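What follows is a single structure, written as structure tokens, with notes after it.
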Amino acid sequence: MKQTWWKEAVIYQIYPRSFMDSNGDGIGDLKGITSRLDYLKYLGVDVIWLSPIYKSPNDDNGYDISDYQAIMDEFGTMEDFDELLHEAHQRGLRIVMDLVVNHTSDEHKWFMESKSSADNDYRDYYIWREGKDDTQPPNNWGSCFGGPAWQYDETTKMYYLHLFSKKQPDLNWDNPKVRKNVFDMMTWWCDKGIDGFRMDVISMISKTKEMPDGKVTGFYGDYSPYCVHGPNIHRYLREMNEKVLSKYDIMTVGETPGVTTELAKQYAGEDTKELNMVFQFELVDTPGKYGKWTDEKLPLTELKKIMSRWQTELYGEAWNSLFWDNHDQPRAVSRFGNDTPKYREVSAKMLATCLHMMQGTPYIYQGEELGMTNYPFEKPSDFRDIESINAYSEWCESAGVSHEDFWPCLLFRSRDNARTPMQWDDSEEAGFTAGTPWIAVNPNYKEINAKEETANPDSVFHYYKKLIALRKLHPVIVYGKYELLLEDSKELYVYTRTSDKEKLLVVCNFSEQNTSFTIPEEFIGSPCLISNMENTYNDADIILKPYESFVLSNE
Ligand code: GLC
Ligand code: CA
């Protein structure tokens, strides 16, 4: 297995809109991020992934880009970006950019040209089709954010494809000019000195030419057999690798909805010359009552099965990325742990132990290192996210699901849970802004905030800091082989990591119950690297407290 810096790194994701506001307009910005670099350095992360900061009309908070080589007005200027990059590099922090090239904004100049006439030079930059007849779109596909995936355009009386909102038309990657433009733009950023790309829905860029109706699930037909891992996906990624990525010492991570371990070995294989790693969604995208919407927790035995399959099958062949949450998911502690005051801290630490001791590159989503929780939304107008807003209107207002049934699902899964402002201190608006934040601050900021947690050595923050430091000291955490123990336990997640020199035992109680456990012979008397309780683990038979977790090393 090759050893590389990005396998050994810990990544911190910033959602710029909600991280730090420097000028009191209620919106996080680049100067705000620069002002908090010392905090990230202190935490010990190596790489910052910035969610999109490019010019955008913000239909989907920057995931709808109207100019790839300019900065969103609200976030600042290109000089602010250069300063951020410089200041990050000064501190030994790398910056990874979000690359959103499955689609652009409908306000991008390519699209404005494309829709202006059927023989425009840019027409073929997007995916245009005739309707089935005068009133019907080309097929029955639905978009990810609700409604049909096709939008009729008056000017040329044709439809364009948008797998996300109608303000996010899909690019036509089969057009070599599109690929060249994208690769040139990527080269421009690489030459500026950025350190990598997180590639938005990159598994969706290649579509089949034939676009038949899809199987109806929910309200519309499913496009995935025709648009996800499409016919030329690997060819296009290898071309991107050859023309751009291979020329720089950068890291890449693909957001690849629908990926399996088999496919991951192609996308992120040691020698496949595509990407360094991919995000897989088996843990977080489990189907719910109403499409993705559910209030049910994933049973621990399922969670272990999924994690273990990825840990085992990719070993030595491809590289994992590790995450509990991101800007599209609810907060980790609310979803997989227990966010009641009694158990929030201990369960947040347990989750961190479980993930950070695995093989792969760990991702921390802003505020996760504080154990930030889901937001107590009270009414539909509290939401800002296009997906949540559309889902509520589609399921409750159109499909007639009752508010009472749908509401808990929306609360549990909404992306806005992750998007409330970073909680810096206990001053008004959690120190995020001197103005009115674009989305409300979680009312628990007086107890949960960075100022309090950096000052308290027993905090969730310091626990993350310690885990990150351990990864640097024990190569087995990065490169060791994973083995699951107690597969059938409904309470405990126990695994080992093994290298030539060292073996670790990782024990996590995912339950709210006291749970008995017998430490395997070979670890009796082994030193404890980290634990979220005061315990030395010298006896073989122990009772784990709710959410207790620890790591022993028999080095
Ligand atoms: C990805 C992003 C998500 C965005 C979507 C469309 O899934 O993570 O935030 O809405 O792509 O760009
Ligand atoms: Ca601002």
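The values are calculated or read from the model by the stated rules, or taken from the named source; none is laboratory data. None of the values given here were measured: they were computed from a predicted structure. Virtual Cβ from ideal backbone geometry, glycine too; neighbours counted across all protein chains shown. These accessible areas exclude ligands, DNA and RNA; they are computed on the full protein's heavy atoms, side chains included. Shrake-Rupley method; radii C 1.70, N 1.55, O 1.52, S 1.80 Å.
Tabulated results
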{"quantity": "Computed Kirkwood radius, in angstrom, where 1/r is averaged over Cα pairs of the range 402-555", "calculated": "18.5 Å"}
{"quantity": "Residue order for Cys508, Cys144 - accessible surface, 1.4 angstrom probe, largest first", "calculated": "Cys144, Cys508"}
{"quantity": "Evaluated over the range 15-103, the Cα radius of gyration and Dmax, each in Å", "calculated": "12.6, 36"}
{"quantity": "Proximal charge balance of Pro546 [Cβ under 9 Å; K/R count +1, D/E count -1]", "calculated": "0"}
{"quantity": "Of all accessible heavy-atom area on the range 85-132, the percent that carbon and sulfur account for (1.4 Å)", "calculated": "40 percent"}
{"quantity": "0 to 90° range, to nearest 10: angle between helix 176-192 axis and the chain longest Cα axis", "calculated": "50 degrees"}
{"quantity": "The range 109-161 - accessible surface per residue (Å², probe 1.4 Å)", "calculated": "51 Å²"}
{"quantity": "Calculated FRET value between Ala434 and Glu521, using beta carbons and R₀ = 56 Å, to 0.05", "calculated": "0.45"}
{"quantity": "Cut-off 9 Å between beta-carbons: net charge of the residues surrounding Phe279, Lys and Arg +1, Asp and Glu -1", "calculated": "0"}
{"quantity": "Solvent-accessible surface (1.4 angstrom probe) belonging to Met20, in square angstrom, nearest 10", "calculated": "20 Å²"}
{"quantity": "Of Lys41/Lys349; Lys297/Lys466; Lys349/Lys465; Lys7/Lys265; Lys305/Lys349; Lys342/Lys465, those spanning more than 18 Å from alpha-carbon to alpha-carbon", "calculated": "Lys41/Lys349; Lys297/Lys466; Lys305/Lys349; Lys342/Lys465"}
{"quantity": "Protection-proxy order for peptides 173-180, 21-28, each taking the mean of Cβ atoms within 10 Å per residue, highest first", "calculated": "21-28, 173-180"}
{"quantity": "Surface share of carbon and sulfur [accessible, 1.4 angstrom probe, percent] for the range 362-490", "calculated": "51 percent"}
{"quantity": "Helix-derived mean residue ellipticity, 222 nm - over the chain, DSSP H n ≥ 4, -39500 (n - 2.57), to 500", "calculated": "-7500 deg cm²/dmol"}
{"quantity": "Label-point separation in nm, Glu242 to Glu79, each point 7 Å along Cα→Cβ", "calculated": "4.2 nm"}
{"quantity": "Per-q log10 I(q)/I(0), the range 295-353, q = 0.14, 0.17 Å⁻¹ (Debye; single scatterer per alpha-carbon; no solvent)", "calculated": "-0.48, -0.68"}
{"quantity": "Rounded, prolate or oblate (a/c below 1.5 giving rounded, otherwise prolate when a/b exceeds b/c) for the range 109-161 by Cα gyration tensor", "calculated": "oblate"}
{"quantity": "Accessible surface of Thr518 - all protein chains present, 1.4 Å probe, nearest 10 Å²", "calculated": "80 Å²"}
{"quantity": "Using alpha-carbon coordinates, inclination of helix 78-90 to the longest axis of the chain, degrees", "calculated": "20 degrees"}
{"quantity": "Rough spin-label spacing in nm, given labels placed 7 Å along Cα→Cβ, for Lys297 and Asp541", "calculated": "2.8 nm"}
{"quantity": "Environment charge at Asp222 (Cβ cut-off 11 Å; Lys +1, Arg +1, Asp -1, Glu -1)", "calculated": "0"}
{"quantity": "Sequence of Thr34, Thr217 from largest to smallest accessible area, 1.4 Å probe", "calculated": "Thr217, Thr34"}
{"quantity": "Size-normalised alpha-carbon gyration radius of the chain, reference 2.2 N^0.38 Å", "calculated": "0.96"}
{"quantity": "For the range 272-371, radius of gyration divided by Kirkwood radius, i.e. Rg to Rh on alpha-carbons", "calculated": "0.97"}
{"quantity": "Cα gyration tensor shape for the range 173-216, rounded if a/c is under 1.5, else prolate or oblate", "calculated": "oblate"}
{"quantity": "Taking all pairs of distinct alpha-carbon atoms in the range 42-157, Kirkwood radius in angstrom", "calculated": "16.8 Å"}
{"quantity": "Label-to-label distance, nm, for residues given as Ser427 and Arg91 (7 Å Cα→Cβ offset)", "calculated": "1.8 nm"}
{"quantity": "Per-selection Kirkwood Rh - the range 196-349 (Cα, Å, 1 d.p.)", "calculated": "17.4 Å"}
{"quantity": "Rounded to 10°, Cα long-axis angle of helix 460-473 versus longest principal axis of the chain", "calculated": "90 degrees"}
{"quantity": "Within the range 90-111: backbone nitrogen closer than 15 Å to the Lys177 label point (7 Å, Cα to C-beta)", "calculated": "109-111"}
